[in-house]
Structures are given as C-alpha cells and as structure tokens.
Amino acid sequence: MRPSRNVGLLLLALSCPRLLHAQWTQWGGPNRNFTVDSEVAPAWTSGGPREIWSRPLGDGYSSILADEGRLYTMKREGHEDVVVSLDAGTGKTLWETTYDSPIAPDMDVEMGPGPISTPLIAGDRIFTVSTTVKLHCLDKRTGRILWGRDLMKDLGAPHLGRGYGASPIAYRGLVILTLGEPGPAVVAFDQERGDFAWKSQGFRPSWSSPILIEVEGEPQLVVAMGSDRAGLDPSTGELRWHHAMPPSADIVMSTPHWGEDQILFFSQAYGDGSRALRLEKKDGRFEAEEQWYSRQMRVMFGSVARIGDFVYGSSGDFGPAFLVGINVKTGKVAWRKRGFGRAHLLLARENVVILDEEGDLAIATFAPEGLTVHARASVLERLAWTPPTLVGKTLYLRNRSVIKAVDLGG
Amino acid sequence: MSALLFLLAAAAESQVPERSEGGQTLRVSEAELDRGAIYYVQPGGDSQLVVRSEALLQKVTVTTSRMVGYLVAPFDLDEEGVPLLYGGAFRVPVASLETAIEGGDVILSGPDFLDSARHREVTFLVTGVSGVRRTHRDDESARYELNLSGTLTARGVAREISVPASTTFMPSTDRTMARMDGDLLVLEGGFSLALADLGIAPKRQLQDRVPREVGVEVRAILTTVSPDKSIDPREDPVRYRKYLRVITLLRDLDDVVGGYRLARELMTEVWDRPEELERLAAALASTEGIRRRDWNVALEASKRAVELTREEDPRMLSCLALVHHEMGGAASAVAWQRKAVERIDPSKAGALERARATLAWYEEELRRAASP
C-alpha cells in the first residue's frame, strides 16, 4: 500500500527542515521573477487581509527576505545603514547591525536616503549594499560583519545621484553586483572572504537588478544597464551577447523577465517602453534579436508577471499608471486598466498579488481578456515602493516607516 | 432668439467639465480616462491665449497663461480607424486676461464685454475633428494639421466655431523633459471672432477703439502629467490639491472670499507642519497675479513656521521676512532676513549669497522708506 500524498509530504518535510519554511532569499524571490508556488485566497472574510503583526521599522526601500523563520531587510538611521533581522512570526527584532554610510555631498536624496538595494542570502551569510555602494557580508544568525568593501572608493562605483539601487545576486561561490561607469559594469567577489573575482564591461549604471537565466543549457547573467542589455558568463564575466538600445532606454529600473520560450522582456519608463529580445545560439554564438518595441507599456520600477504569452505590469512614470497586458510575442497591447498607482505584481499560482504605491493591496487574476480584481484593501500608507514578499500564505510588506505581516489565507 | 441662445449656452457650459479639486485642470470623465491618453494643459509660463484687438484708435493685445483643460488622444496614434482626438475641453478665467493698458482689464471684465461677475470663465468644448493630415513624423514627434470644431461660450453666449489648428505629439525624451515631464502635445491654432456674435456691442465712446472682429491665437503645451499632481513623493496629495485650489481661487478666479476661507482652513490643517506653512505663506505673499491680498493668513502662517522651527531654520525666517517686505514692513523684513542670513550654514555658499543679496535689497528699501 502506498502512503498517502500528504503523509509523503510530511515525511519529506521532516527529513528536510528547510522545506518547512519557504525561502525568499533574494530580490524577486526564489527565481528572481516575483513568482512563487503559493496558494493565496482570492477573497478576504473582512475588509482586508488579517494582520498578523505590524511594527515601526524606519526609512528605506529594501525589500524583505525570509529564511528559516527569520526576516531580513535594511533601514536607515542618521548616517548609518541598519541591517535588521526579525522573527518572522512576531516581527520582534533578533539583531541589528549598523555601519557608517554617509550620504555623499553630490547626492540628491529627496526621494529618501535609502537603502534601496535588497540584501542577498547565500548559505549562512547575508550580503548588503548601501546607498553609497558599500558592500558588506554578515553572519545571518548574529549580524556580525565578516567583511566589507567600499566600492565607490575601491572601484569608482557610481551612486547614481539618488543612491545605489540594484540588488546583488549569487552564483556558486560568488556575489555579483552591477555597478556602472566610471567603474566597471559588473563585478564579482568571493562570498567567503570578499576577494575580487572578476569585472566586466563598461556600461552606464542602472537601478535594475540582474537575473540568472539558462540559455540552451548555459547559465547567463542578464544585465540591463544604461542603454545596454547583455548576457555574461556568471563564472567569469565574459560577454555572451550584447544588445544596444537607443539612448531613450537609458534609465532602467525594472528587472528583466525571462521566459521558457527564450524571450527576454525589458521595460523602462521615462520616454521609452518595452522590448522583447529572443536569445538564440547560432554557430556557437549567442545572439539577441529584438522582436518588438512598444511605448504602450512603460514599467518604471514595478515587478511584472508573465502568464502564458502575456506579460502584465504597471505602466507609467510621472503621468497616470495603468495595469497593462501585452503579448510578449507580438508586442500588441491586450488591454489596459486604470485604478491602481504604480504597482508591483507578484504571481502566486493563478492569482496575482498587486501592491501599489498608495499602499493598496489586491488579489486579482490576469488574463488576455482582462483583469479581475477579487479583493482589495488599503494596507499601508503611501509611499509603498517596496515589492512584497510572499512566504506560504504570509505576505510581508513595508513602506518607509512600518513593516507588517498579513495573512493571505482568506 | 435670445432665449434660444441662452439655452444653447447653458447646454454647452453644462458639458464643459468643472475644475478639478486643485483647480489647475478639469475633471475628466471616467469614460474619457478609459478611452485614451489625457493631455492636460499646463497653465502658467508662456501666454497660451493671445487676443488681438486692432481698431482705428487703439490696438490692444489681451493675453493669459491661466487657461486650463485637456485633450483626449488615442493611446496609440498609429492604430487604424481611430480619430486623432476623442474630445477635450478648456476654461479661461476672465479675471486672468491682461490687456496691459490702464483700466483695460476692468473694462474687459465688465458687463459690456465679458461680464465676469456673471460668467467668470470663457469655455470651449471640443465636439469634432476633421481634415486631419499628418505633416511631419520622426522618432521624436508627429505633427498633424486639422480643423477643431467646438462650442465657444463667452458671457453666456454659445457659438459653434471651427478652428484651423495643429497638434504636435512629442513623446517624453531628454529634450521634452528639459521643458516639462510627461508626453507632450503642442496645440496651436487661430481664428477670428466677431464680437457681435457674442452679443458684445461697445458703447459709442469705445466704438473707434474696439474692432468688429478680434483675432484669437492659441498656443498651449499639454502633458500627460496632470497639473493637479505633484511628482514629489513627499507631498501629501490631498493637501497639495487644497494648496493649489487656494492659489487657483485667488490668482486665476480672483475669488477673495473663497480663496482666503480655504487658505485659513488649510493653515489650520498644517498648523504643525512648518514646510507647508512656509509654502502657503510664501505663495500668498508673492504669487504673481493675485490682485487682492489679505496679509493676515500669510503673516500668521509664516510666524507659526518660524515658531515651530525655533527661529533656527533660515528658510522659515526668510519667508517671514518676505511677508513683512511685501506688506511694506521694511524694518521687520530686514530684522528677520538678518536672522536668516545668520542661520545659514556657511558651507552653503550659494544660499548664503542669495540670502545676503535679499537682505541688501530689504536694507535699501528701508533706507528709501526712511529718507524724506
């Protein structure tokens, strides 16, 4: 007699303690694409989701990591960055580590002093990058600083005026960061001791976080920097392909999205739009061929969701924001819908969690025919520019003053 | 006949949307918001409307930069089978029209001309577009010539008119962002208007100074960013719109009673927020175009901002000095500006230099006031 599926899962969970706690150890979640295999209820019994806990946090836009029952994020206090670890169940502080990170005289921090970048967990370590591009490695259990590097000083990394904003990524034993001119475009350090591993290219900087993809069996690091889009070998930094975009695509914040059909989706606001590149290997070389360009979808900073042949995202910069569905193969807009501010989308199986900058949270389904909002509530005060983190049915959110956990189990 | 004209006017005016909450644009309907991209007129800056009145004994050029309104264009201009514009509406406050001749503004807004006491705005409702022809297209702009049909309503009289115009669409680029944020649309057009068609019949003594027809030129820059919206994320949008409303009432519509009532209400709301008190006070004291000023609100607000910041913030101190200066209190202006100069961080050379120059100006004013 075969054991039931539930018993099997329980045995599997008991034998692998880490599976008891779903992980969100980097920008964008498990696969860096804001997609998780979690079931959220499409409706709430009361006016909004049940609040599990809420507490003051402090300034900053860093998103929230979750790992083994703990949360990690960053905030700002005076001239210091504060890396903080919280109990995921209660929100209580487990440890805080501060380091000096004064705002440079030539920075413009009217949008806030940051930190903007989201930390990265790799093994028992957590990596953080400050607004002024100081990279630190901490012991994730204690918060003890293991090593640090000042990348403005050491490598000429730019602070982009408003502060460094991309989030680091791990590959094997490396931690990889995008920097940009006048420093190198991409750099990698050994996770263990912070030794310099490689540097590559000379692209202009951006706030867009890199992603790791696999093209025809080969891992590649995809970066969107200035008006350059490129794929690199994450072990060496060697250029695999490069696609130059027009100068209008120079200010890019949103994260690229990779599809199984080998289509890379990029979007930027400020006068540009969205583009799809198809990656192919021809005669042993990788090529990126632009499939289409459309000004009808201009994602400023939000995360997008891809469902089937469609990418859905929040389009708009200074003007009105629309939720837009666009066919990733043709670039044709399927629909656009008003009603939300600039928003992050998080795909949880068939449902999409929407969090807009006004602090409105919604559960919706997206289809080529249109958008159906099942539940909506105000959960944060504006400005909620930080994407939410979903672990199981618990959604962690923050704005520039509070952090909270809400139950999306219905 | 006159009854019919009145009914026509009432119908046309009722279709022109009311001003928005902040007053710097019009309320766009849900249907229009869903239908296309909204391009909002950006009031302020260049003259948007020029009326040329050329009579035998007098030439007058009437201008305003306080026109508000919007046009609705397709989301995708290249989409086949859609019109270039779906609609639009404009309002021009009569109180904002400037003749640049002595007494001219009063005559223009008086009962014989635009009668602002009964009809405080001239409106235009777009009802159709025809003869669309694309005359230019490159990566950064597309220009179309067209005829814009609509209903012009002034002093309660509605007239159907057709305006030869051009629209130049300029998607946001580095070039356009240097001018203003958002995708831009430049509207240019002109037409002649017989004053008799609006029921204007100048009195005998003005007949040689007012022509039968005036020429009207429109040149407005519209953008997809609503002027009621601040792109500063620190801004509370509700209070920002209320602040705009105050300025709209006082400057654009010359509504002293409503404007200062709202200003006082806003001051109470922001009583513990020095930055917002300072902005309100500075705007009430120095915004150009406010014709009648009640100094009490500006003075109270700026004093409170100084009090909240314990006389330590040079910006608040400078604002209080400005209010005193505008009120004619030269000695107080000098005293408060001197404190502002003393509080400025010496490393901020530019700010210090500007504050000192202002102080020197106030001191000069004080000397002039003291001299016999």
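The values are calculated or read from the model by the stated rules, or taken from the named source; none is laboratory data. Source: prediction; values computed, not measured. With ideal geometry, Cβ positions are generated from the backbone for all residues, glycine too; neighbour counts draw on all protein chains shown.
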Tell me whether region A:387-398 contains one or more residues that are small (G, A, S), in contact with a His (Cβ under 7 Å, 6 or more places away or on another chain) and away from every other protein chain (no Cβ under 14 Å). no
Select from region A:129-145 the residues that are surrounded by fewer than 20 Cβ atoms within 10 Å (Cβ to Cβ) and touching a residue at least 40 places away in the same chain (Cβ under 8 Å) and list them in ascending order. A:T142, A:G143, A:R144, A:I145
Just checking, how many residues over region A:254-286 are within 14 Å of chain B (Cβ to nearest Cβ) and among the aliphatic types (A, V, I, L, M)? 1
Please go through region A:327-363 and give me each residue that is in a loop (DSSP other than H, G, I, E, B), under 21 Å from A:S274 (Cα atoms) and more than 14 Å from every other protein chain (Cβ to nearest Cβ), ordered by number. A:V328, A:K329
Could you check region A:112-197 for strands (runs of 3 or more DSSP E) lying wholly inside it with 2 or more residues that are among the polar types (S, T, N, Q)? none
Could you tell me whether A:L371 is outside any strand (DSSP E or B), on the phi < 0 side of the Ramachandran plot and of a type in the set (A, V, I, L, M, F, W, C)? no
Residue check, A:S209 against (1) in a loop (DSSP other than H, G, I, E, B); (2) over 19 Å from the mean Cα position of the chain (by Cα), all met but one. Which one? (2)
Filter region A:212-233 down to residues that are in a loop (DSSP other than H, G, I, E, B) and free of Cβ contacts under 8 Å to residues at least 40 places away in the same chain, then give me how many there are. 3
For residues that are surrounded by 22 or more Cβ atoms within 10 Å (Cβ to Cβ) and more than 23 Å from the chain's Cα centre (by Cα), tally how many sit in region A:269-286. 0
Residues located in region A:287-326, provided they are out of contact with any Leu (no Cβ under 8 Å at 6 or more places or on another chain), outside any loop (DSSP other than H, G, I, E, B), away from every other protein chain (no Cβ under 14 Å) and surrounded by fewer than 24 Cβ atoms within 10 Å (Cβ to Cβ): A:F310
Just checking, how many residues over region B:80-105 are under 19 Å from the mean Cα position of the chain (by Cα) and free of Cβ contacts under 8 Å to residues at least 24 places away in the same chain? 1
Of the residues in region A:230-252, those that are crowded, with 20+ Cβ neighbours inside 10 Å and within 14 Å of chain B (Cβ to nearest Cβ) come to A:M245, A:A249, A:I251
If you go through region B:197-218 one residue at a time, how many are exposed (fewer than 15 other Cβ atoms within 10 Å of the Cβ) and either closer than 21 Å to B:F169 by Cα or touching an Asp or Glu at 6+ places or on another chain (Cβ under 6 Å) (or both)? 0
Within region B:43-82, track down each residue that is basic (K, R) and either surrounded by 14 or more Cβ atoms within 10 Å (Cβ to Cβ) or not assigned by TED's automatic domain parsing to the domain that holds B:T123 (or both). B:R52, B:R66
Selection from region A:364-377 of residues that are more than 14 Å from chain B (Cβ to nearest Cβ) and surrounded by fewer than 24 Cβ atoms within 10 Å (Cβ to Cβ): A:A364, A:T365, A:A367, A:P368, A:E369, A:T372, A:V373, A:H374, A:A375, A:R376, A:A377
Checking A:T236 against (1) in a strand (DSSP E or B); (2) over 27 Å from A:P388 (Cβ atoms); (3) not charged (D, E, K, R): exactly one of these is not met. Which one? (1)
Please verify whether region B:135-154 includes one or more residues that are of a type in the set (A, V, I, L, M) and surrounded by fewer than 16 Cβ atoms within 10 Å (Cβ to Cβ). no
Looking at A:L71, is it more than 24 Å from A:F196 (Cβ to Cβ), crowded, with 22+ Cβ neighbours inside 10 Å and among the hydrophobic types (A, V, I, L, M, F, W, C)? yes
Enumeration of residues in region A:257-268 that are surrounded by fewer than 24 Cβ atoms within 10 Å (Cβ to Cβ) and in a loop (DSSP other than H, G, I, E, B): A:G259, A:E260, A:D261, A:Q262
Consider B:A178 carefully, then state whether it is more than 17 Å from B:G88 (Cβ to Cβ), surrounded by 15 or more Cβ atoms within 10 Å (Cβ to Cβ) and within 14 Å of another protein chain (Cβ to nearest Cβ). no
Flag if B:L184 is within 14 Å of chain A (Cβ to nearest Cβ) and either crowded, with 20+ Cβ neighbours inside 10 Å or modelled with pLDDT of 95 or more (or both): yes
Please state which one of B:V225, B:V218 is under 17 Å from the mean Cα position of the chain (by Cα), touching a residue at least 12 places away in the same chain (Cβ under 8 Å) and within 10 Å of chain A (Cβ to nearest Cβ). B:V225
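The rows are residues; the columns are (1) in contact (Cβ under 8 Å) with a residue 24 or more places away in the chain; (2) of a type outside the set (A, V, I, L, M, F, W, C).
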position: B:A158; (1), (2): yes, no
position: B:S166; (1), (2): yes, yes
position: B:T173; (1), (2): yes, yes
position: B:M180; (1), (2): yes, no
position: B:D183; (1), (2): yes, yes
position: B:L187; (1), (2): yes, no
position: B:A196; (1), (2): no, no
position: B:G199; (1), (2): yes, yes
position: B:D208; (1), (2): yes, yes
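The rows are residues; the columns are (1) in the same structural domain as B:E98 (by TED's automatic domain parsing); (2) at pLDDT below 95; (3) surrounded by 14 or more Cβ atoms within 10 Å (Cβ to Cβ); (4) assigned to a helix (DSSP H, G or I).
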| position | (1), (2), (3), (4) |
| --- | --- |
| B:G289 | no, yes, yes, no |
| B:E307 | no, no, no, yes |
| B:E312 | no, no, no, no |
| B:Q337 | no, no, yes, yes |
| B:E342 | no, no, no, yes |
A careful count of residues in region B:136-165 that are over 29 Å from B:V210 (Cα atoms) and touching a strand residue (DSSP E or B) at 6+ places or on another chain (Cβ under 6 Å) gives 7
Residue list for region A:374-410, filter: under 19 Å from A:V304 (Cα atoms), in a loop (DSSP other than H, G, I, E, B) and either of a type in the set (S, T, Y) or over 18 Å from the mean Cα position of the chain (by Cα) (or both): A:T386
